[in-house]
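*Asks:* First the structure, then my questions, so here it is.
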Ligand code: 5CA
Ligand code: ZN
C-alpha cells in the first residue's frame, strides 16, 4: 500500500549516542545494536475507526526510535501492517452498512493524514494484510510441514505444546495468559482444541465473510500470523525491534514470536520486544470498542499538530497516562515559548543542550527529560539572552530532527 509523506530530517553536528530501550522479553533496558540498516516492525491499526491519541502515542514512540537511529547514521528499514480484514472491521462494516473495504480504505487514509500532521516518519513498507493473503497461507503450510499445527473443522491452529519458548516474551503465568487470551481475540473455550491457548492461524470460510482462495482452501488469515509473515518477508529474522502498545504483549507478540521461531529456527525472532503504554480517557483505556476516544484528526484541527506532538512527548512512552484537556493547553504554551526563543537573533550556546537531548532520548526515550532541557534553554534565551547567533538555528534543527517538532 501507499505509505505517507516524509519530511526532510536535518543533520545535526556533534556526537550521536547509541539508543537503549526497554525490552519486554528481557525485562530490562538494553542498548540496541543495529547494523548499518536498523530493522523495525511496528503493529499497525485495525482500520475500523479513526486514529485516537493512544494509537498516536504508540507510533510516536517508535518514531523517536527511528530518529535516534538516523541520528547515529543508520538507515532505517521500517515496516508496518494494516489489519485490513479482521472481525472488528467486519462487525463495524455490518453495523454501519459500509462495505468493509471502503471502511478500511477511508480510515487508513485518515490515519496517513494524522501521521503526516504529527510528523511521524513513514514506514518504508506499509502492508495491508489483504495484499499478502497467499503468502500468509504459504507460511502456514510451512508451519504445518514442521508439524506444529492441526486442523479443527477446516480451521488451522498452532499447537502451543509445540512452542518451546511460549511465555518468554510476556513472562505471564498460565492463568493470566488464559484471561488475556479470551479478552484479546482468542478462543480458549472452543470445543475440540487440544489446548486452550492454541491459536488460530487460518479461518476457513464462513457464510457472509470475505474469503480468499489459497493452498489451504477458502478462508482468511488469523491475526498473529499476519504480522509474523509480513515481518519475516520484509525484514527477515533477528530484526532489531518489534513494537506496539502494551496491549499487544500477550497474546499477539507472544504468539508471533513462537511463529517466527518455528519458521526461522531463530530465537528471539526480534531482538527487542518494545511496548508503549496505554492512553486512557475518563479512567478507561482508550479503545474503539469502548468509544471513549480522543481522535487525532479532531485534535489536530482544533490545535496546532505540533502541540499534539508535544502532549505525547511530555509523557514517557512506557507510562500509562490519561488525557485531560489541560495537557493540550500546556503544550500550546510550551510551543509558543520555544517558537519565541528560536526566532531570537542569538541565544545561549546550545551544544550542551543538543548533548543532553541526545542523552535523554538514548536513555530509553526519556522525552520528558529532553523537553525539560529545551525548556531551560528557551527560558534562559528569553530572559537573559545569549551571545551565540547560531544557537536558535541549532535548537530549531534539534527539535525537528530528534523530537519531530517543527518550530
Ligand atoms: N492491528 C492490530 C495490531 S497488528 C491492532 O492492535 N490495531 S489497533 O488499531 O487496535 O491498535 C493499533 C496500535 O495502537 C497497536 O500497536 C496498539 O497496541 C496501540 N494502541 C491501541 N490502543 C491504545 C491505547 N489506548 N493507548 C496506546 N496505544 C494503543
Ligand atoms: Zn501486529
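*Asks:* Conditions first: (1) touching a strand residue (DSSP E or B) at 6+ places or on another chain (Cβ under 8 Å); (2) outside any strand (DSSP E or B); (3) buried (at least 17 other Cβ atoms within 10 Å of the Cβ). Residue 273 passes all but one, so which condition is the exception?
*Replies:* Result: residue 273 fails condition (2) only.
*Asks:* For the stretch 33-54, give me each residue that is assigned to a loop (DSSP other than H, G, I, E, B) and either under 17 Å from the mean Cα position of the chain (by Cα) or under 30 Å from residue 87 (Cβ atoms) (or both).
*Replies:* Result: 43, 44, 45, 46, 47, 48, 49, 50, 51.
*Asks:* So residue 198 ticks every box in (1) within 16 Å of ligand 2 (Cβ to nearest atom); (2) surrounded by 16 or more Cβ atoms within 10 Å (Cβ to Cβ) but one. Which box is left unticked?
*Replies:* Condition not satisfied by residue 198: (1).
*Asks:* Tell me, please, whether a residue that is over 18 Å from the mean Cα position of the chain (by Cα), buried (at least 20 other Cβ atoms within 10 Å of the Cβ) and more than 16 Å from ligand 2 (Cβ to nearest atom) can be found in the stretch 78-91.
*Replies:* No, every residue in the stretch 78-91 fails to be over 18 Å from the mean Cα position of the chain (by Cα), buried (at least 20 other Cβ atoms within 10 Å of the Cβ) and more than 16 Å from ligand 2 (Cβ to nearest atom).
*Asks:* Could you go through the stretch 63-77 and let me know if any residue there is within 16 Å of ligand 2 (Cβ to nearest atom) and either farther than 22 Å from residue 322 by Cα or assigned by TED's automatic domain parsing to the domain that holds residue 87 (or both).
*Replies:* No - not one qualifying residue is present in the stretch 63-77.
*Asks:* Considering the stretch 276-296 alone, what residues qualify as being assigned to a loop (DSSP other than H, G, I, E, B) and modelled with pLDDT of 90 or more?
*Replies:* 277, 278
*Asks:* Take the residues in the stretch 247-261 that are closer than 12 Å to residue 232 by Cα and crowded, with 23+ Cβ neighbours inside 10 Å, then tell me which one is nearest to ligand 2 (Cβ to nearest atom).
*Replies:* Residue satisfying both the conditions and the ranking: 256.
*Asks:* Another question about this same structure. Just name the residue that is nearest to ligand 1 (Cβ to nearest atom) out of those in the stretch 181-203 that are in contact with a strand residue (DSSP E or B) (Cβ under 6 Å, 6 or more places away or on another chain) and more than 14 Å from residue 141 (Cα to Cα).
*Replies:* 199
*Asks:* Take residue 375 and decide whether it is surrounded by fewer than 21 Cβ atoms within 10 Å (Cβ to Cβ), within 30 Å of residue 274 (Cβ to Cβ) and touching a residue at least 60 places away in the same chain (Cβ under 8 Å).
*Replies:* no
*Asks:* Considering only residues of the stretch 112-171 that are free of Cβ contacts under 8 Å to residues at least 24 places away in the same chain and part of a helix (DSSP H, G or I), which is surrounded by the most Cβ atoms within 10 Å (Cβ to Cβ)?
*Replies:* Going through the qualifying residues, I end up with 144.
*Asks:* Evaluate the stretch 12-22: report whether one residue or more is surrounded by 15 or more Cβ atoms within 10 Å (Cβ to Cβ) and either within 12 Å of ligand 1 (Cβ to nearest atom) or within 16 Å of the chain's Cα centre (by Cα) (or both).
*Replies:* yes
The values are calculated or read from the model by the stated rules, or taken from the named source; none is laboratory data. Because the structure is a prediction, the values reported are computed rather than measured. Note: ideal-geometry Cβ built from the backbone for every residue, glycine included; neighbour counts use all protein chains shown.
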